[in-house]
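Asker: Sharing a structure, written as C-alpha cells. Questions coming.
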Amino acid sequence: MRWVLGIIGAAAVLAALLVLPLPLSLQAVDRTGLPIACGTAFHPDYDFAAREDALNKDLHSSFGAFYVPSDYENQCAAIVATRRGIAYSVLVGGGVLLGAAFLLSLHAAGYVDLSRERFRMASKQRATPVLIPKSSPSTMRYYDDLDLVRMSLGIRVQH
C-alpha cells in the first residue's frame, strides 16, 4: 500500500513540475495566423497579447465596428492562473501522498509508532501538568551601580 501511495505521489509531483514550463497560447490568432503566445506558467509573457490588444483597439477606433476590441492580455492571465492553480493543487496532493508513504515506511521499519494506545498515553501525559519546584534565589546583598563604582575605587561614604 505504501509503495502505491509513493508511486502515485511521485508521479503527481513529477507531472505538476513538468506541466508548469510548457508554453501556453490562446486559441485566437494574430494577423499572421499564429496563435497568441502567453509564455509559460513559470514565466508568463503578456507582451504579445498586449500588442494585439493595442492594435485591435486602434483599428476599432479608426475603422469602427469591423474590428472588435480584444482582451487577450486578461485571457492570457486567466489561463496562466488556471494552469498554476491546477499544477499547484496536484503538486500539494502528490506531496501529501509522498509524505504519507514516507510515514508508513517509517512505521513499517519500526521507527514510528502510530498505534492508538501511544496517542492515548501521550494525551494523558499532556493532561497532567508537570510541577517543577522553584528554588529560592541565593541571598545576595543588593548593590546598585553607584555602590559598585565606589567600592571599586575604595571610596567609603561616611554617614
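Asker: Pick from ALA10, ALA37, ALA49, ALA54: which is surrounded by fewer than 16 Cβ atoms within 10 Å (Cβ to Cβ), more than 30 Å from ALA108 (Cβ to Cβ) and not aromatic (Phe, Trp, Tyr)?
Answerer: ALA54
Asker: Please specify each residue of the stretch 81-119 satisfying the condition of being in contact with a Leu (Cβ under 6 Å, 6 or more places away or on another chain) and in a helix (DSSP H, G or I).
Answerer: ALA87, LEU97, ALA100, ALA101, HIS107 - these are the residues of the stretch 81-119 that are in contact with a Leu (Cβ under 6 Å, 6 or more places away or on another chain) and in a helix (DSSP H, G or I).
Asker: Also, quick follow-up: In the stretch 53-71, which residue that is under 21 Å from CYS38 (Cα atoms) and acidic (Asp, Glu) is farthest from the chain's Cα centre (by Cα)?
Answerer: Filtering the stretch 53-71 for residues that are under 21 Å from CYS38 (Cα atoms) and acidic (Asp, Glu), the one farthest from the chain's Cα centre (by Cα) comes out as ASP53.
Asker: May I ask you to list the residues in the stretch 60-82 that are surrounded by fewer than 16 Cβ atoms within 10 Å (Cβ to Cβ) and either over 20 Å from PRO23 (Cβ atoms) or touching a Gly at 6+ places or on another chain (Cβ under 9 Å) (or both)?
Answerer: If the condition is that a residue be surrounded by fewer than 16 Cβ atoms within 10 Å (Cβ to Cβ) and either over 20 Å from PRO23 (Cβ atoms) or touching a Gly at 6+ places or on another chain (Cβ under 9 Å) (or both), then HIS60, SER61, SER62, PHE63, GLY64, ALA65, PHE66, TYR67, VAL68, PRO69, ASP71 are the ones that fit.
Asker: Scan the stretch 24-49 for residues that are assigned to a strand (DSSP E or B) and either among the charged types (D, E, K, R) or in contact with a Pro (Cβ under 9 Å, 6 or more places away or on another chain) (or both) and report the count.
Answerer: So the answer is 10.
Asker: Would you say ALA37 is over 30 Å from the mean Cα position of the chain (by Cα), among the hydrophobic types (A, V, I, L, M, F, W, C) and over 30 Å from ARG2 (Cβ atoms)?
Answerer: no
FYI, it's all coordinate maths here, none of it is from the lab. Bear in mind the structure is a predicted one, so any value in this text is a computation, not a measurement. Heads up, the Cβs are rebuilt from the backbone with ideal geometry, glycines too, and the neighbour counts pull from every protein chain shown.
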